[in-house]
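The values are calculated or read from the model by the stated rules, or taken from the named source; none is laboratory data. Keep in mind the model is a prediction, meaning the values are calculated, not measured. Heads up, the Cβs are rebuilt from the backbone with ideal geometry, glycines too, and the neighbour counts pull from every protein chain shown.
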Amino acid sequence: MLYSAKVMDHFTNPRNVGIIENADGVGEVGNAKCGDIMKIYLKIDGNVITDVKFNTFGCGSAIATSSIATEMIKGKTLSDALTLSNRAVVEALDGLPPQKIHCSVLAEEAVKAAVKDYYDRNSIEYDDKIFKNLNGCAHCHDSCSV
């Protein structure tokens with residue numbers, strides 16, 4: 001399995017690792033049965049993500065996608081963060097092996113889950129369609145039974 005230099009860099013030197021105490025939004029996705037669990041913490045000020053941290057249990061690709069995703073949304077508005085796609089994560093890392101694409105899906109879903117948590121905590125209305133796939137597993141895009 002061949003990884004790009006960017007994947008290796010974000011795996012060996014991950015950015016924004018850790019926990020934000022009293023985070024404004026927290027999103028956790030994945031499943032221990034599948035092997036990858038991502039947790040994203042957001043600090044938000046005036047609809048802008050001022051800080052973001054992550055904790056990921058998983059393979060090198062899961063760590064790299066978490067790291068790059070946090071860099072991609074830091075300083076962005078919540079609506080901009082919600083446009084983050086797994087495809088954009090893969091492109092930012094100069095590609096992932098096909099069997100590791102699910103890690104980029106987890107990164108996208110973790111960001112969305114954290115924003116949804118912020119909206120829920122603050123009684124902010126949103127379109128449910130934006131968050132429709134958050135309860136599944138990135139491996140099977142459904143309730144995980146692996």
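Summary of computed values
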read-out: Residue match in the stretch 16-35 (condition: modelled with pLDDT of 95 or more and of a type in the set (Lys, Arg)); value: no
read-out: Qualifying residue in the stretch 106-122 (condition: β-branched (Val, Ile, Thr), touching a Ser or Thr at 6+ places or on another chain (Cβ under 9 Å) and under 18 Å from residue 6 (Cβ atoms)); value: no
read-out: Qualifying residue in the stretch 8-19 (condition: on the phi > 0 side of the Ramachandran plot, without any contact (Cβ under 8 Å) to a residue 60 or more places away in the chain and surrounded by 18 or more Cβ atoms within 10 Å (Cβ to Cβ)); value: yes
read-out: Considering residues of the stretch 79-136 that are touching a strand residue (DSSP E or B) at 6+ places or on another chain (Cβ under 9 Å) and among the aromatic types (Phe, Trp, Tyr) only, the residue surrounded by the most Cβ atoms within 10 Å (Cβ to Cβ); value: 118
